[in-house]
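Engineer: Have a look at this one.
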Amino acid sequence: MAAEEEQQTKKGKTKGKHDKPKPWDEDPSIDRWRIEKFDPSWNEGGMLEVSSFSTLFPQYREKYLQEAWPLVKSALKEYAVACELNLVEGSMTVSTTRKTRDPYIIIKARDLIKLLSRSVPAPQAIKILDDEVQCDIIKIGNLVRNKERFVKRRQHLVGPNSSTLKALEILTSCYILVQGNTVAAMGSFKGLKQVRRIVEDCIQNRMHPVYHIKILMMKKDLERDPAFANENWDRFLPKFKKKNVKQKKVKSKEKKPYTPFPPPQPPSKIDLQLESGEYFLSDKKKSEKQWRDKQEKQAEKTAENKRKREAAFIPPEESVKKDSTQVGGDQTDVAAIAKSLKKKVKDFGKQKSIENINPQAYIASSGEQPSRKKSKRSKSEGSENS
């Protein structure tokens, strides 16, 4: 136990013994994020082994590569990299030489021929030889099984008149090319990471590229404001929820009962002619029969058209003859109508007479009535008393 404690104390003493601040750690003139250009003096001995990469290209790129190959060859010659275009095998090969000094340039040359095979133009693909430019080839063909959905979502990434793709290129500072089952992107590591996330979200139907564009635009605005440099931006960024849209139900076809025997073969034209006896007629009689049938069809058609035109001018049918029961019923109806009309006239006259009453005469008459009643009562009381 004592020996273990002594070892731990020794380790504690030696730990961090050489972790002392260096004079260049706090030097403000040194930019540690800057990528310095390669100097051939760093590797004067050259490469010990020959490294080479080759890739195949589709047949439709053969003509363009043949025309643009001198430009590619001259660009690689500056870095002492050999290249070969094999039109028989349909391949491009790059390899190091004795004069090659940069050990990483062969990886850049490999990316160059990959981009050329993915339909990237040669002037744009040559930019990959720069140290600050990287590339990423995103495979999207195996992300969706259904071919129709894949084509539709790939079109969402491109947008109308390539407007969505142009907006993504501006916001991520990357070159993006959608070609077949792959998306080729060129730019910085940060931009390539954003492009990969946007492409995968679009093809897998997680989020539409338009929403990503809105988020990137808001991030650009927040970057300009120094007040939000050290704050969390989640509260400013929009949040999009995925909506479950009801899809159209596919109508399933009704399965017919299985029969091992094939359906009967429909009769051919010759069989029908044999049945009707037309097959044995001469050519003259056949032509006469065809002409007669044609005339009959025309006559039927003209008669039907004439009937349709005249139908608008035919008056509706009226029942002229009436039964005795109907006549009797009509008479009773007329009598009932006349009776109701007389009653309405009588009621209307009463209402008019009420409206034309003089109020003074009505009040006077109403005042006399109770006096008469009193006189009658008084007479009756007098007779009772007597």
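The values are calculated or read from the model by the stated rules, or taken from the named source; none is laboratory data. The model shown is predicted, which means the values in this text are computed figures rather than measured ones. Cβ placement follows ideal geometry from the backbone for every residue including glycine, while neighbour counts extend to all protein chains displayed. Accessible surface is based on the protein model in full, side chains and every heavy atom, while ligands, DNA and RNA are left aside. Shrake-Rupley method; radii C 1.70, N 1.55, O 1.52, S 1.80 Å.
Engineer: Which one of VAL94, VAL133 is within 41 Å of the chain's Cα centre (by Cα), of a type in the set (A, V, I, L, M, F, W, C) and either within 26 Å of SER188 (Cα to Cα) or modelled with pLDDT under 90 (or both)?
Structural biologist: Just a single option satisfies the conditions, and that option is VAL133.
Engineer: Please name all residue pairs, on different chains or six or more residues apart, with Cβ atoms under 9 Å, provided the first residue is in the stretch 212-237 and is touching a residue at least 40 places away in the same chain (Cβ under 8 Å) and the second residue is basic (Lys, Arg) and not in a loop (DSSP other than H, G, I, E, B).
Structural biologist: As it stands, the answer is HIS212/ARG197, since those pairs meet every condition given.
Engineer: For GLU318, which of the numbered conditions (1) modelled with pLDDT of 80 or more; (2) surrounded by fewer than 10 Cβ atoms within 10 Å (Cβ to Cβ) fails to hold?
Structural biologist: (1)
Engineer: Another question, then. Any chance you could count how many residues in the stretch 40-78 are farther than 20 Å from LYS114 by Cβ and surrounded by 14 or more Cβ atoms within 10 Å (Cβ to Cβ)?
Structural biologist: Residues that pass the stated criteria total 2.
Engineer: Residues in the stretch 84-106 that are open to solvent by 20 Å² or more (accessible area, probe 1.4 Å) and over 30 Å from TRP42 (Cβ atoms): how many?
Structural biologist: 5
Engineer: I need every pair where a residue in the stretch 31-42 that is within 18 Å of GLU78 (Cα to Cα) and of a type in the set (A, V, I, L, M, F, W, C) has its Cβ under 9 Å from the Cβ of a residue that is open to solvent by less than 70 Å² (accessible area, probe 1.4 Å) and assigned to a loop (DSSP other than H, G, I, E, B), sequence separation at least 6 or different chains.
Structural biologist: Within 9 Å, the pairs are PHE38/ARG101; PHE38/ASP102; PHE38/ASP131; TRP42/ARG101; TRP42/ASP102.
Engineer: Also, quick follow-up: Kindly evaluate VAL81 against the criterion of being open to solvent by 60 Å² or more (accessible area, probe 1.4 Å) and either over 30 Å from ILE203 (Cβ atoms) or among the acidic types (Asp, Glu) (or both).
Structural biologist: Criteria not met by VAL81.
Engineer: The conditions are (1) closer than 27 Å to THR172 by Cα; (2) open to solvent by 60 Å² or more (accessible area, probe 1.4 Å); (3) at pLDDT 90 or above, and TRP33 fails exactly one of them. Which is it?
Structural biologist: Condition not satisfied by TRP33: (3).
Engineer: Would you call VAL120 crowded, with 20+ Cβ neighbours inside 10 Å, within 16 Å of THR55 (Cα to Cα) and touching a Cys at 6+ places or on another chain (Cβ under 8 Å)? Even if it seems obvious, please write down each step before you answer.
Structural biologist: On the way: crowded, with 20+ Cβ neighbours inside 10 Å: yes; within 16 Å of THR55 (Cα to Cα): yes; touching a Cys at 6+ places or on another chain (Cβ under 8 Å): no.
Here the answer is no, as VAL120 does not meet what is asked.
Engineer: If ASP130 meets every condition in (1) over 28 Å from VAL199 (Cα atoms); (2) free of Cβ contacts under 8 Å to residues at least 40 places away in the same chain; (3) open to solvent by 20 Å² or more (accessible area, probe 1.4 Å) apart from one, which number is that one?
Structural biologist: Only one criterion is unmet by ASP130, namely (1).
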